[in-house]
Amino acid sequence: MHVILWISVVLAIGCYICEPVQDPDLWWHITIGRWIQAHGQVPLEEHWNRFALGEPFKAYSWLVELLFASVDDTFGDQGLIVLKLVFGVLLSAASF
């Protein structure tokens with residue numbers, strides 16, 4: 001029974017991974033990650049939203065944004081799909 005569950009999880013992850021990255025916020029996170037790479041610091045004020053320019057910016061996900069930007073710059077879209085696979089496998093392994 002445990003083997004059937006494991007195979008089902010692996011197949012579900014495989015189906016999920018075959019889909020392209022469709023999160024509309026991903027490109028926003030990559031942009032912020034590239035800004036962090038260029039400036040060597042986490043943004044403290046809003047630079048991208050013209051209605052909030054200069055307002056305090058809460059970069060709560062700066063580390064993953066830096067990771068996404070680095071993977072995209074190095075490997076492109078295919079790298080992001082592989083990263084999605086790695087995260088899926090790690091989450092599945094952690095659940096067992």
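The numbers here are math on the coordinates, done by the rules we state, and not lab data. Values in this document were obtained by computation on a predicted structure and should not be read as measured data. Positions of Cβ are backbone-derived with ideal geometry, glycine not excepted, and every protein chain shown enters the neighbour counts.
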Test result for residue 9, closer than 15 Å to residue 80 by Cα and aliphatic (A, V, I, L, M): no
Hey, which of the helices (runs of 4 or more DSSP H) in the chain, taking only ones fully inside, have at least 2 residues that are surrounded by 11 or more Cβ atoms within 10 Å (Cβ to Cβ) and touching a Gly at 6+ places or on another chain (Cβ under 8 Å)? 2-18, 62-95
